[in-house]
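Novice: Can you read through this structure? Questions will come right after.
Bear in mind these aren't lab numbers, they're just calculated from the coordinates by the rules spelled out. Just so it is clear, the model here is predicted, and its values are computed rather than measured. Don't worry about glycine lacking a Cβ; one is built from the backbone with ideal geometry, like all the others, and counts go over all protein chains shown.
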Amino acid sequence: MASSLEDNLLCSVCLEVYQDPQLLSCGHSFCRSCIGSFQNDLSARCPMCQQEIKQQPVINLVLRNTCISYQREKEKVKENKEKEEVKEKVKEKVKEKKKKEEEEEDQENKCLLHGEKILFFCKDDEQAICSRCREQSHMLHQVQLLTHTVTQRKDQIKAALRPAEKVLESLQNGTALERRVTKHIESQAKQTEMQIKKEFEKLHQFLRVEEEATRAALKKEEKKKKGKLVEWIEQEMQSLSDRVMKVEEELENDDVTFLSNYNQIMTRAQDRLSDSQVNSGSLIDVAKHVGNLRFRVWRKMKDLCPYYPIVLNPNSTPISVSEDLVCASRAVSWYYSPNLLQNNTNHLVLGSEAQNATFNCWEVKMGSSKHWTLGVCPQSAAESDFIQPLTPQNGFWGLCRNGDVCYVLGSTQPIQLTRTLEKVQVKLVRRIDLRKWKLFWVLSFVDAGRRSEIACIDLEIFRRDLFPFFIPEDRNAPLCIIPVNVNLTNEEKFRILERHMDMIPLYGIFMVLCVFFLMMAFWFL
């Protein structure tokens, strides 16, 4: 069918499928290029019927469209045929590869000793065997079918893989802890950035106000001193103008009058000028406005920028911490949300830095709260996954208040409170035991209002990683760190030094005495 159709679509001149076929007056059609080869002849005739060509040929639209459709179908059939050939070749290669793999598998699945197919598995020797191996060397062993063993062990692998699949599914669904922690990190970063902007905006606002006040003081002094000079200049100008005018009027008098008044006119012309108001005090007091400007502004910022000896770590607690990291509460929903990774039931909050100095001191305000715990502990003890009682054996030293009674951690002896206790000063001081030649810490708690000691604890071990910790028990009463004044005068510093003279470590005095006795020994030798 296709062959007969193609025969009808062939040009009789070029014997190819018509290309832009042209219809002659005799009814025969030829390619445009084929007609051009004989059309220029004056006695042009049709190659088929030999009739003379009297009219210009026209396009045979039906034949042209038929030829175009035929060519497209032919190309499509050719493409399909090529695709089928490629598929057949791929199938042949796959079959050859599969056959080769089956041959290799059959070769591998055969026993190396007996050449038989491996059908069993010895559980004692953990070895795949054939039937002859089973009869000979594995007769008394536990043997089962190889397929059964493979099924069992695949099930075991699938069971071992289930936890990983669950973790993968939770990671994909966003329910895994790590996914929640990433969102928490994003939230923390956004909150922290907002807090940084807020804190710097306070500083910028303060500096803008100070700048405006300083510039206003400068403008005021400029206006005052400049106005005073301008006023003197105007008065002086008026006085001199009047004098000049009067002298010039006297000069216009007749000669006799002028000469008779000559001495008075000369006296008036030579009259002393008023004293100038210009002196060093007339200039702007630059030192007053610019001298130590940054230092003076910094001193004014002490109320705006308080210093806290302890800053809380929001990542160490499951409860809320204030935006300035100095207050902790169990009930108040503050700026920093609880840490997802902390699950301790003690509601403990750690300080952000270890207290390793010789003398460490901080004050805590608890207001009306009668249930709280203060103290120090290593970071490892606070971050332990196990619930531990707050005892020195577990690394917790401190003071616990329960109502009107306080207890030292690890002790059952009560300490009766007779007055309200709104502020507590905590001191951690490094000491030296001269008898045992070792360092130790002394932890003391002082009623900050009355300056009376509540309790004093000697830590039996010396550790350098002690962090302050706080536990607010009353839901509506947060614990807050009290800021200290860092801009002390020399007199205030001397008073504080006198107050804490008893806190100076004894080993310093002991070292001075040792040096003195050594020098005396060398002198006598």
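Novice: Counting only Cα, what are the radius of gyration and maximum Cα-Cα distance Dmax of region 314-487, in Å?
Specialist: Rg and Dmax of region 314-487, Cα atoms, are 15.7, 51 Å.
Novice: May I pose another question? Students often check this: by mean Cβ neighbours within 10 Å, which of 418-427, 441-450 ranks highest, and how do the rest follow?
Specialist: In decreasing order of mean packing, 418-427, 441-450 become 441-450, 418-427.
Novice: Could you state the number of Å between the C-alpha centres of region 177-224 and region 45-68?
Specialist: Comparing the Cα centres of region 45-68 and region 177-224, I get a distance of 92 Å.
Novice: Based on the mean of other Cβ atoms within 10 Å per residue, sort peptides 135-145, 9-19 so the most packed one is first.
Specialist: 9-19, 135-145
Novice: Note down the net charge around GLU186, summing +1 for each Lys or Arg and -1 for each Asp or Glu among other residues with Cβ under 12 Å from its Cβ.
Specialist: +3
Novice: If we sort 362-373, 64-75 on the protection proxy, mean other Cβ atoms within 10 Å, highest first, what's the order?
Specialist: Highest to lowest by the protection proxy: 362-373, 64-75.
Novice: While we're on this one: Express the Stokes-Einstein translational diffusion coefficient of region 2-92 in µm² s⁻¹, to the nearest whole number, given a Kirkwood radius over alpha-carbon pairs, 20 °C and a viscosity of 1.002 mPa s.
Specialist: 143
Novice: Could you give P(r) for region 179-300, binned at 10 Å from zero, as whole percent values over all Cα-Cα pairs?
Specialist: 10, 20, 15, 13, 12, 10, 8, 5, 4, 3, 1, 0
Novice: Which entries of LYS100/LYS154; LYS183/LYS423; LYS198/LYS365 show an alpha-carbon separation above 29 angstrom in the structure shown?
Specialist: With Cα atoms farther than 29 Å apart: LYS183/LYS423.
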